1. What are the ³J(HN,Hα) couplings of region 84-89, residue after residue, when phi is run through the Karplus curve with 6.51, -1.76, 1.60 and θ = phi - 60°? Round to Hz, x for glycine and proline.
2. Read through the labelled values [x] 35; [y] 57; [z] 29 and report the label of the one computed as percent of Cα pairs over 38 Å apart from the structure.
3. Pull up all non-local amide H partners of SER276: gap of 5 or more, or a different chain, and H-to-H distance under 5 Å with H placed in the peptide plane.
4. Hey, can you grab everything whose amide H is under 5 Å from the amide H of TRP314? Only 5+ residues off in sequence or another chain; H modelled, so Pro and N-termini drop out.
5. In degrees between 0 and 90, to the nearest 10, how far off the longest principal axis of the chain does helix 253-270 point, with axes built from Cα atoms?
6. Across region 304-320, in residue order, what do the Karplus-derived ³J(HN,Hα) couplings come to in whole Hz, using 6.51 cos²θ - 1.76 cosθ + 1.60 with θ = phi - 60° and x for Gly and Pro?
7. How much of ILE312 can a 1.4 Å solvent probe reach, expressed as accessible area in Å² and rounded to 10?
8. What's the longest uninterrupted piece of the chain once you rule out the chymotrypsin sites (Phe, Trp or Tyr not before Pro) that are loop residues per DSSP with at most 16 other Cβ within 10 Å?
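The values are calculated or read from the model by the stated rules, or taken from the named source; none is laboratory data. Keep in mind the model is a prediction, meaning the values are calculated, not measured. No Cβ is skipped: glycine too gets one built from the backbone with ideal geometry, and neighbour counts run over all protein chains shown. Surface accessibility is based on the protein's heavy atoms, side chains included, excluding ligands, DNA and RNA. Shrake-Rupley method; radii C 1.70, N 1.55, O 1.52, S 1.80 Å.
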Amino acid sequence: MNIHSVIACSRVNGPGRRMVVFFQGCKRKCHGCFNPQTHPLREEKLLTPREVLRRHLEEGIEGITISGGEPFLQIEGLRDLLSLAKEEYGLTTMVYTGYRYEELSGMASAEKVFRHIDVLVDGEFDITRKEPTLLARGSTNQRFLFLSPAYTIDDLCMEGRTELIINEDGDVVTTGFSSIPQRRSHNKMDRTDSMLWNKKLKITKDFLQDSDVVLYTGDALDFLRQIPDKTASLVITSPPYNIGKPYEKKLELDEYMEQQEEIIEESVRITKDDGSICWQVGNYVENGSIIPLDILLYPIFTKLGLKLRNRIVWHFGHGLHARKRFSGRYEVIMWFTKSEHYMFNLDAVRIPQKYPNKKYFKGSKKGELSCHPLGKNPTDVWEIPNVKANHPEKTIHPCQFPVELVERLVLALTNRGDWVIDPFVGVGSTTIASILHGRKSAGADIIEEYIEIGRQRIESLLRGRLRLRPMGKPIYTPATVSIHPNADLFESVMRKQR
């Protein structure tokens, strides 16, 4: 194998303490790549897989991470290294590639490589979509493909993005996913890793077609009337529920419905023929009785010719504790389309398979993976934490959208460069999700303080400082509580404290 370099122990290139092997040679040469010195197709260090492991493997190493360069340009050596690492040394394996999984599947011997990989991170690095969280990838377009049950997305959230290692010669090596310049010789700095966050967004107060972001302070109807017909690929919002929150004036139910109908009519007007509208609502509560708002609003959408594709149940774990009824722990997202021809990018939002290594046991496909390698459909029941006191995204808004909820809809129902519109944008969660994935965003709110917080959140995002909950991160379960397999319903057993 032609190897550029090896880091014997790293904590930012995958779960736990890992040995990192950088292959030499890459034809893609992504702009802003963290490892441009690995691009040239020249001979560096010729080593066998066994030599790599014997020379560099330390005690206590959990796994091996392969990067580059492009490892799949040396597919036979990659296969042998991974096989040796797993079968003889018991290491977990993680591989970064600029290819997409679909491209690799057409390569000879690729399937033999896949069987030795626990996590494959695929896709070219895109400097305009740099990962803002602590997930172990360079940009948000790259996908985590879990080819074995060894890890979940939670394991790929690192403690930091950059690691400085001083080797025996006193040289400083920088590794990870940061834009911190790397030291070369004679104190020269490599500044090729310029951040996405140097990018300038055109942010305006009124709607302009050439804006990147619009944050309008004022009435939602006035805002929508600025927008030309068939502009938006997605209108997504969570309107006031008319339950007396600080940002809303409680109306009689008939008056509230009339107001909503006006907003919905304008939303339909500005949506493209292949676009979608997602209306996230809860319950109207009066005198202890609840009325599901989705049931009340549904006829308005159908009267305007829209078609309901999904009634998505958003389940969350925290909320008010009811005394005279069961505590509410879900809300609903109604996803409508204007026509039978609509955008739906399922692959962009697949989630890890429950049994990722499951294979056909008979027939012509015997031995092949029986589930989709990119993951499964996330279904129409989504468990995503709501934004409460300890949530990393919490602001002063009492009913704040979690960015993760919007991200899934933005990725599934739009393409890069499309307009995403939110008539009740609040503190800008829809805007954040749109910017993260290269979409344009426009939103309005009548409360100026919320719009200002939205601006501050955008600024923090562009500087790489905004705290976000990573999309797909598993729900936290306290380590001290377990459910005994033989316990009765709701009976929990405390684990013994060590």
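1. 5, 4, 7, 7, 9, 10
2. The listed entry that was calculated here is [x].
3. Excluding prolines and chain starts, which carry no amide H, the hits are LEU234, VAL235.
4. Under 5 Å from the amide H of TRP314 lie the amide H atoms of GLU331, VAL332, ILE333, TRP382, each far enough along the sequence or on another chain.
5. 50 degrees
6. 8, x, 7, 10, 7, 8, 8, 10, 7, 8, 9, 9, 9, x, 10, x, 5
7. Surface open to solvent at ILE312 totals about 10 Å².
8. That gives 90-246 as the longest site-free run.
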